[in-house]
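The block underneath contains the structure these notes are about, expressed in structure tokens.
Laboratory data are not the source of any read-out in this text; all were calculated from the coordinates shown. The shown structure was predicted, so the numbers you read here are calculated from the model rather than taken from an experiment. As a convention, Cβ positions derive from the backbone with ideal geometry for all residues, glycine included, and neighbour counts pool all protein chains shown.
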Amino acid sequence: MENMNQSFSSRVYDLALQIPPGRVTTYGTLAKAAGGGAMAARSITSILSKAPNQSVIPYHRIVYADGYAWSTNQNRDARRKVFKKEGIIVNEKGKIQDFEEILFDFS
């Protein structure tokens, strides 16, 4: 578990930066690792959007619990390129292939 003297937001940010290339985690796993409860997963995107250095956050490595990788029409192609570069395969429906095998759980 990360340093509990830090704020929850700081722990979320620090943990997000630890997700290695080629791996993904879920919003819930990230929230739990940061010390949050069941509903904390809903706050992850908001917390990270306020982080000091947006350009280094690996947003593409944080996905839904069912392996769905959220994207917009504007960033879909860019995200798929980043996934491909890291060896992560996303199917046509936006789901991570071999999700369970590449899931990173911070333990």
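Computed over neighbours whose Cβ is under 15 Å from that of Gly87, the net charge equals +4, Lys and Arg +1, Asp and Glu -1.
Among the GluC sites (Glu not before Pro) within segment 69-104, which fall in a DSSP loop and have no more than 14 other Cβ atoms within 10 Å of their own Cβ? Those satisfying the criteria are Glu92. Take the Cα of Ala65, step 7 Å toward its Cβ, do the same at Glu92, and the gap between the two points is 2.9 nm. Note on Ser9/Asp105: beta-carbon distance plugged into 1/(1 + (r/R0)^6) with R0 of 25 Å gives a FRET efficiency of 0.75.
Taking trypsin sites (Lys or Arg not before Pro) in DSSP loop states with no more than 13 other Cβ atoms inside 10 Å as exposed sites, the chain has its longest site-free stretch at 1-49.
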